[in-house]
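Report on the following structure.
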Amino acid sequence: MSERLSNRPPETGALFARDRSWHPPAFTPGYKTSVLRSPQKALLSLDGTLSEITGPVFGHNILGELDDDLIHNFAKPGESAIGPRIVVYGRLLDERGAGVPGALIEFWQANAGGRYRHKKEGYIAALDPNFGGCGRTITGEDGSYAFRTVQPGPYPWPNGPNDWRPAHIHFSVFGHGFAQRLITQMYFEGDPMIWKCPIVRTIPDRAAIEQLIAALDMEATIPMDARAYKFDIVLRGRRSTMFENRLEGN
Amino acid sequence: MAQALNRLKESPSQTAGPYVHIGLTPNFCDITGVYDDDLGRVMVNDKTSGERITMAMRVLDGTGTPLRDALIEIWQADAHGLYPSPSERRGAADPNFQGWGRQATDMDTGLCTFETIKPGRVPFKDGRLMAPHINIWIVARGINLGLNTRLYFSDEETANAEDPVLARIEHKVRIPTLMAERKGGTYTFDIHLQGEQETVFFDI
Ligand SMILES: [Fe+2]
């Protein structure tokens, strides 16, 4: 796990303060489950110690050959998942615009009918015997990543009497520091369901919501195979250490 | 007008939702054959140095009901106070210790158990030693942005008394919300999302 994946020197600066007004607040009554699960007292601000600026790093040795191919990683040999075939690609960046290399990204989603493979799932849409719904990859030297999947379907969920989630893919992202840890969701360009969703609407700023909408990219499609969606993800940046801890003469 | 700083905004968070297990602990939710094992399930092996401990955690909502669909990740130093991270410049951490663990809360009881070692002390930014602690990150359905807190050990009274982070908690009555209680080799730690005993959460 301590395997170094980049030639860049390790980053030891503290992270930029998190802009909490850009994120959803904890208490969002339109999303009912948040009501009893939202802390109500002020958070204790802590400028990063070693405990926050360090974080786990994962080596490519954890990855299996099909981890980045949800069309095939649960399918029987010679078969594949049903649904519109897509490639999702993009870059993992930090707030300074620099690519984040060697970072683990995990993703999960419903199948093309909007059904999750989970025992707590009650939607009547059919399971696809060839679709599990999970995948993962590690970013390249410039922060780039890509995976293949099928476009998930929208699904109803118990909140209001008739709430539906827009089609989405869940993302879990590691940076290089534990305080960069982030979970978010990717939506699809042009989906009218996005703006009706109580979970999307926990985000106060329209521009912040648009940051989670992947763009259709016909130039990146694989002809006669899969369309492509571009989704960049941004993690918190780090303060530069260029004038810190530098010995005389260095 | 001045020059633009050209900074990007962090991607806004969205809840991990009720099916977080599919992505992060697929074997736990019976999606087998994709990954050999769930990442972060095992933190130690028989060569890991340090005192073996078990941590039994729960996350409780505003009614005191344990969450049965939460996911907890922990990050901690090794027995000598070193993190297994490229950003750790003070020395090499124990190669037999993972430092990072991930567990889902039990779907019936809400209990979440980590088998690990007691961490050593890590310096604060000014060089003073922090008390042994474990960094915790909690996500679940209904949690819009992952919650950060710390677990301290109630039997480390001397170290806790001089810990520079605990010292910053204005209302001292809230410090016990960060203390795990020891019973034999097991520490229990209840995280209260709301209410009189609301755990101190951090903006880190
Ligand atoms: Fe979902």
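The values are calculated or read from the model by the stated rules, or taken from the named source; none is laboratory data. On a predicted model such as this, the values are computed, not experimentally measured, just so you know. Quick reminder, even Gly has a Cβ in these numbers, built from the backbone with ideal geometry, and neighbours come from all protein chains shown.
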Members of the stretch B:100-118 that are without any contact (Cβ under 8 Å) to a residue 60 or more places away in the chain and more than 9 Å from chain A (Cβ to nearest Cβ)
B:Thr105, B:Asp106, B:Asp108, B:Thr109, B:Gly110, B:Leu111, B:Cys112, B:Thr113
How many residues does the stretch A:165-187 hold that are part of a strand (DSSP E or B), in contact (Cβ under 8 Å) with a residue 24 or more places away in the chain and more than 10 Å from the ligand (Cβ to nearest atom)?
7
Kindly indicate whether any position in the stretch B:14-27 is modelled with pLDDT of 95 or more and away from the ligand (no atom under 16 Å from the Cβ).
yes
Anything in the stretch A:119-148 that is at pLDDT below 95 and at the interface with another protein chain (Cβ under 8 Å from one of its Cβ atoms)? List them, or say none.
A:Lys119, A:Lys120, A:Glu121
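Is it the case that A:Val200 is crowded, with 18+ Cβ neighbours inside 10 Å, farther than 20 Å from A:Pro29 by Cα and in contact with a strand residue (DSSP E or B) (Cβ under 8 Å, 6 or more places away or on another chain)?
No: the conditions fail for A:Val200.
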Residues within the stretch B:157-185 that are surrounded by 15 or more Cβ atoms within 10 Å (Cβ to Cβ) and either within 18 Å of the chain's Cα centre (by Cα) or within 14 Å of chain A (Cβ to nearest Cβ) (or both), tallied:
12
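I need a count of the residues in the stretch A:89-116 that are out of contact with any Pro (no Cβ under 6 Å at 6 or more places or on another chain), of a type in the set (Gly, Ala, Ser) and within 16 Å of the ligand (Cβ to nearest atom). Outline the logic, then answer.
Just the residues of the stretch A:89-116 that are out of contact with any Pro (no Cβ under 6 Å at 6 or more places or on another chain), to begin with: A:89-108, A:111-113, A:115-116.
Filter again for of a type in the set (Gly, Ala, Ser), leaving A:90, A:97-99, A:102-103, A:112-113.
Subset that is within 16 Å of the ligand (Cβ to nearest atom): A:112-113.
Adding up the residues that qualify gives 2.
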Among (1) facing chain A (nearest Cβ under 7 Å); (2) more than 16 Å from the ligand (Cβ to nearest atom); (3) of a type outside the set (Gly, Ala, Ser) - the single one B:Asp38 does not satisfy
(1)
Filter pass, A:Pro158 being touching a Cys at 6+ places or on another chain (Cβ under 9 Å) and at pLDDT 95 or above:
no
Failed condition for A:Ile86, given (1) away from the ligand (no atom under 16 Å from the Cβ); (2) farther than 19 Å from B:Leu8 by Cα; (3) assigned to a loop (DSSP other than H, G, I, E, B); (4) more than 10 Å from chain B (Cβ to nearest Cβ), with all others met?
(3)
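Out of the stretch B:145-159, which residues are in a loop (DSSP other than H, G, I, E, B) and either under 22 Å from A:Asp47 (Cα atoms) or among the small types (Gly, Ala, Ser) (or both)? Steps first, answer last, please.
Looking only at the stretch B:145-159, we keep the residues that are in a loop (DSSP other than H, G, I, E, B), and these are B:145-146, B:154-156.
Selection gives B:Leu145, B:Gly146, B:Ser154.
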Looking at A:Gly97, A:Gly113 in this structure, which one is at pLDDT 95 or above and at negative phi?
A:Gly113
Are any residues in the stretch B:48-80 within 23 Å of B:Pro26 (Cβ to Cβ) and either without any contact (Cβ under 8 Å) to a residue 24 or more places away in the chain or at the interface with chain A (Cβ under 10 Å from one of its Cβ atoms) (or both), and if so, which ones?
B:Val59, B:Leu67, B:Arg68, B:Asp69, B:Ala70, B:Leu71, B:Glu73, B:Ile74, B:Trp75
Please go through the stretch A:150-163 and give me each residue that is within 11 Å of the ligand (Cβ to nearest atom) and part of a strand (DSSP E or B), ordered by number.
A:Tyr155, A:Trp157
Which numbered condition in (1) more than 7 Å from chain A (Cβ to nearest Cβ); (2) within 28 Å of A:Gln185 (Cα to Cα); (3) β-branched (Val, Ile, Thr) is the only one that B:Ile22 fails?
(1)
Whether any residue in the stretch A:23-46 is farther than 21 Å from A:Ala208 by Cβ and modelled with pLDDT under 95 is what I want to check.
yes
